[in-house]
Every structure is written in C-alpha cells, then in structure tokens.
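The values are calculated or read from the model by the stated rules, or taken from the named source; none is laboratory data. Keep in mind that what you see is a predicted model, and the values were worked out from it rather than measured. Ideal geometry is used to build each Cβ from the backbone, glycine not excepted, and the neighbour counts take in all protein chains shown.
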Amino acid sequence: MEYRYKIIRSARRTLSATIKDGIVIVRAPMRLPESEIIDFLRKHENWIQKNLVKAQEMEKQMGEPLTMETIQALAEQALKEIPPRVKYYADQLGVTYGRITVRNQTTKWGSCTAKGNLNFNCLLMLAPREVLDSVIVHELAHRKHMDHSKQFYEEVLKVFPDYHKWDKWLKDNGGILINRMKRGLS
C-alpha cells in the first residue's frame, strides 16, 4: 500500500473508506483488529488507487491555492452577480428574502435564516453558473420549506429541473475549491 491512511474508530459496526485531502480515511468499529482493517484496505486497493488518482487530477484542474486578494475579488464579484440571480429565482418561486451576504466559508455553500436572510460562499464564483443557480434555488426554496422534505425538493425541481446534476457536481468538486482556499490561507 503506497498511500497514507488514517483510522477513525467509533461505535459503528461496519468498515468504510473515503478519501480526503489525499488521505484514505477508514472508519472502523472500536475493537476491530488493525489486521482486519489492513485486509479491508487491500481488498479495496483498486477503488482506493482509482479515487486517489481522480482526486489528484481534479486538484490539478482546479488550479493554484487562492490568495486572500483572490478571495476578496471573488466576494466582490459574487456581490455583483448573486443578487440579480436571487431576484430572478425568488420571482420564479414566488418568495421574498432579506439581506444577501457573501462569505468565504469552509463548510457551507449557502444558507437561509428564518428571517429570510441569505448567505452564499464566494467560491461559487469558481463553479459553473448552474451550480450557483442550484444553490440559490435551494436556499430560496427554504422560504417555503425550512427542511429537506419531499415538498422542499418538489419546489426546487419545479424551478430548476437539473438541480440534482449540479448538486452532484458540487458534492464531487466542492471540496477541491475549499481546499484551494484553505491552502492559500494557511
């Protein structure tokens, strides 16, 4: 095995592996012998290698670490581009909203408060336009349903039928954007 791995033990019953920042994260039951974890890693060697390569390729495609100046420029760009998109989709959904804020977050792409204030991550400016629109529609749909119920997603899909495609793009690639920011700020 020619890669780094980290074992996280908990009260779980099964083994799982994910890849984060080029490290294989293994989640394992508390008392499972390490030899069984190594066997698990060997058994999934092809999957691990394939996904490590994929992660490295995506990181290369996304470019250099982001400087504070670049992040500030992205925030300024977002403050110009997001409000008109929010207005457009709010009209489509038939909802109102409060203040729009742009941040450089490492955990969220957007949020909606109970008062209707909207927050968006400036890194959305580096994603395809459809990703930005999917996040905007998602947050505005919370003005009708403050949950992730079936009705919530029905509202989202009425206005943005390709939502799941672009949400998947963000799940698959968003971590790379966030890591570019983290590397630039460290």
Fill in: Subset of region 84-102 [touching a residue at least 24 places away in the same chain (Cβ under 8 Å) and either of a type in the set (Phe, Trp, Tyr) or not in a helix (DSSP H, G or I) (or both)]
Tyr89, Val95, Thr96, Tyr97, Val102
Discussion item. Against the condition in contact with a Lys or Arg (Cβ under 8 Å, 6 or more places away or on another chain) and either closer than 23 Å to Ala55 by Cα or crowded, with 18+ Cβ neighbours inside 10 Å (or both), how does Ile178 come out, does it pass?
Written reply: no
Worksheet entry | Set Leu32, Leu52, Leu74, Leu41: member being outside any helix (DSSP H, G or I) and in contact (Cβ under 8 Å) with a residue 12 or more places away in the chain | Leu32
Discussion item. Please determine whether any residue of region 55-74 is over 30 Å from Ile23 (Cα atoms) and either within 17 Å of the chain's Cα centre (by Cα) or in the same structural domain as Asp172 (by TED's automatic domain parsing) (or both).
Written reply: yes
Worksheet item: Under 9 Å by Cβ, and 6 or more places apart or on different chains, what pairs join a residue from region 168-186 that is outside any helix (DSSP H, G or I) with one that is of a type outside the set (Val, Ile, Thr)?
Response: Ser186/Pro65
Item to complete: Scan region 141-157 and give yes if some residue there is out of contact with any Asp or Glu (no Cβ under 9 Å at 6 or more places or on another chain) and in contact (Cβ under 8 Å) with a residue 60 or more places away in the chain, otherwise no.
Response: yes
Discussion item. Take the residues in region 90-114 that are within 19 Å of Gln151 (Cα to Cα) and hydrophobic (A, V, I, L, M, F, W, C); name whichever of them is surrounded by the fewest Cβ atoms within 10 Å (Cβ to Cβ).
Written reply: Ala114
Worksheet item: Scanning region 148-167 for residues that are in a helix (DSSP H, G or I) and among the hydrophobic types (A, V, I, L, M, F, W, C), which turns out nearest to Arg129 (Cα to Cα)?
Response: Trp166
Worksheet item: Quick one: would you say Glu81 is modelled with pLDDT under 95, surrounded by 13 or more Cβ atoms within 10 Å (Cβ to Cβ) and not in a loop (DSSP other than H, G, I, E, B)?
Response: no
Item to complete: Evaluate the following for Asn117: is it in contact with a Lys or Arg (Cβ under 7 Å, 6 or more places away or on another chain) and outside the structural domain of Ile19 (by TED's automatic domain parsing)?
Response: yes
Worksheet item: Of the residues Leu140, Leu123, Leu132, which single one is farther than 12 Å from Val86 by Cα and either assigned by TED's automatic domain parsing to the domain that holds Asp91 or part of a strand (DSSP E or B) (or both)?
Response: Leu123
